[in-house]
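Worksheet for the structure shown next.
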Amino acid sequence: MSDSTVQQGALKYEGKAKKMFETQNPDQLLVVYKDDATAFNGEKKGAITGKGKVNAEISARLFQYLESKGVPTHFIEQTAPGHMLVKAVTIVPVEVIIRNVATGSMHKRLGVTEGRVFQQPVLEFCYKNDALGDPLVNDDHVIVMEWATPEQLLTIRQLAKKVNDLLKPLMLKMGLTLVDFKMEFGLYQGQVILADEISPDTCRLWDVTTGRKLDKDRFRQDLGEVEEAYQEVMGRMRKVLAE
Ligand code: ADP
Ligand code: UDP
């Protein structure tokens, strides 16, 4: 299928990194990935040339890989560069973060030495709410706020761990350490499925040999060569997940 067979309907939502369009099928959305980049809860704004297409391709490849290993995702197909047809889900308003190595907000919050490798992955939940600064929450918050049922929460935890168990070795094959990453889950026909994106915008990826950052931290920290880093990740992924 291509964009010519998917009717791009009304804009349902425009976020910081993507636009979500309705399609002729009420159960499906067309996601258009943008080049816009934001950091620090929208305080820093910019653009990364080519990011939309790169992130759509990386996400598409990862979703397909995860599906092939038994993880249900919202991915249907890439209909054009930068465009992705997905199942329309009800998003669980929680960012699910997995950390394998200490950095970022965990380093700031707990003072843990940057680069410390954890003996097991750390799973965190943040309430998806820009006005509140996406605060850290725990399982009890998720339940009492009715963002997910206890059963759905258990499934989210299990799927998040499984995604990490699958992506860590895959990234290693690409010469990358999967330091930490963010996932979003949604409900589709009563089932919890992986939604949103998995890309250098939502993961921290460090080159195994040099430690070079190949992710959005290059933008956040003004490290330069941002486009090149995203392209590098895509190039390595194309080789490892051959077309
Ligand atoms: P933000 O809302 O944080 O600015 P984006 O620009 O990435 O983020 O916008 C994409 C929005 O679409 C997010 O709010 C995300 O939760 C939501 N979303 C992702 N996948 C789906 C899906 N399959 N169905 C419905 N909503 C989705
Ligand atoms: N992350 C994300 N979106 C967010 C917050 C975090 O994709 O709104 C990702 C981020 O790229 C990193 C991981 O989640 O890979 C952990 O981020 P952290 O809490 O350290 O965020 P920071 O405070 O550095 O934004």
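I'd like to know if the stretch 218-227 contains one or more residues that are within 25 Å of A39 (Cα to Cα) and within 16 Å of ligand 1 (Cβ to nearest atom).
Within the stretch 218-227, the first condition is being within 25 Å of A39 (Cα to Cα), and the residues that meet it are 218-227.
Retained after the next criterion (residues that are within 16 Å of ligand 1 (Cβ to nearest atom)): 219-220.
Yes, because at least one residue in the stretch 218-227 is within 25 Å of A39 (Cα to Cα) and within 16 Å of ligand 1 (Cβ to nearest atom).
Please go through the stretch 90-139 and pick out each residue that is hydroxyl-bearing (S, T, Y) and open to solvent by 80 Å² or more (accessible area, probe 1.4 Å).
Scanning the stretch 90-139 gives T90, T113.
Across the stretch 203-243, what is the total count of residues that are within 15 Å of V179 (Cα to Cα) and basic (K, R)? Outline the logic, then answer.
Of all residues in the stretch 203-243, those within 15 Å of V179 (Cα to Cα) come to 203-218, 233.
Checking the rest, the ones that are also basic (K, R) come to 204, 212-213, 216, 218.
The number of residues fulfilling the criteria is 5.
Hey, among G186, G235, which residue is under 25 Å from G46 (Cα atoms), of a type in the set (G, A, S) and modelled with pLDDT of 95 or more?
Details: G186 fails: under 25 Å from G46 (Cα atoms).
Step by step, each of G186, G235 is checked, and only G235 is under 25 Å from G46 (Cα atoms), of a type in the set (G, A, S) and modelled with pLDDT of 95 or more.
If I ask for residues that are of a type outside the set (A, V, I, L, M) and either part of a loop (DSSP other than H, G, I, E, B) or closer than 20 Å to I91 by Cβ (or both), which ones from the stretch 165-183 would you list?
Taking the stretch 165-183 first, the residues of a type outside the set (A, V, I, L, M) are 165, 168-169, 173, 175, 177, 180-182.
Matches in the stretch 165-183: G175, F181, K182.
Of the numbered conditions (1) over 17 Å from N164 (Cα atoms); (2) among the polar types (S, T, N, Q); (3) crowded, with 21+ Cβ neighbours inside 10 Å, T73 fails exactly one; give the number of that condition.
(1)
Go through (1) within 30 Å of R157 (Cβ to Cβ); (2) open to solvent by 30 Å² or more (accessible area, probe 1.4 Å) and name the single condition V31 misses.
(2)
Somewhere in the stretch 42-56, is a residue part of a helix (DSSP H, G or I), of a type in the set (A, V, I, L, M) and open to solvent by less than 10 Å² (accessible area, probe 1.4 Å)?
Yes.
Can you tell me which residue is least open to solvent (accessible area, probe 1.4 Å) among those in the stretch 6-23 that are free of Cβ contacts under 8 Å to residues at least 60 places away in the same chain and assigned to a loop (DSSP other than H, G, I, E, B)?
Quick first cut of the stretch 6-23, residues free of Cβ contacts under 8 Å to residues at least 60 places away in the same chain only: 7-16, 19-22.
Those left that are additionally assigned to a loop (DSSP other than H, G, I, E, B): 7-10, 15-16.
Numbers: Q7: 118, Q8: 95, G9: 35, A10: 55, G15: 16, K16: 93 Å².
Looking at residues that are free of Cβ contacts under 8 Å to residues at least 60 places away in the same chain and assigned to a loop (DSSP other than H, G, I, E, B), I get G15.
The values are calculated or read from the model by the stated rules, or taken from the named source; none is laboratory data. Being a predicted model, the structure only gives us computed values, none of them experimental. Cβ atoms come from the backbone with ideal geometry, glycine included; neighbour counts cover every protein chain shown. All accessible areas refer to the heavy atoms of the entire protein, side chains included, with ligands and DNA or RNA removed. Shrake-Rupley method; radii C 1.70, N 1.55, O 1.52, S 1.80 Å.
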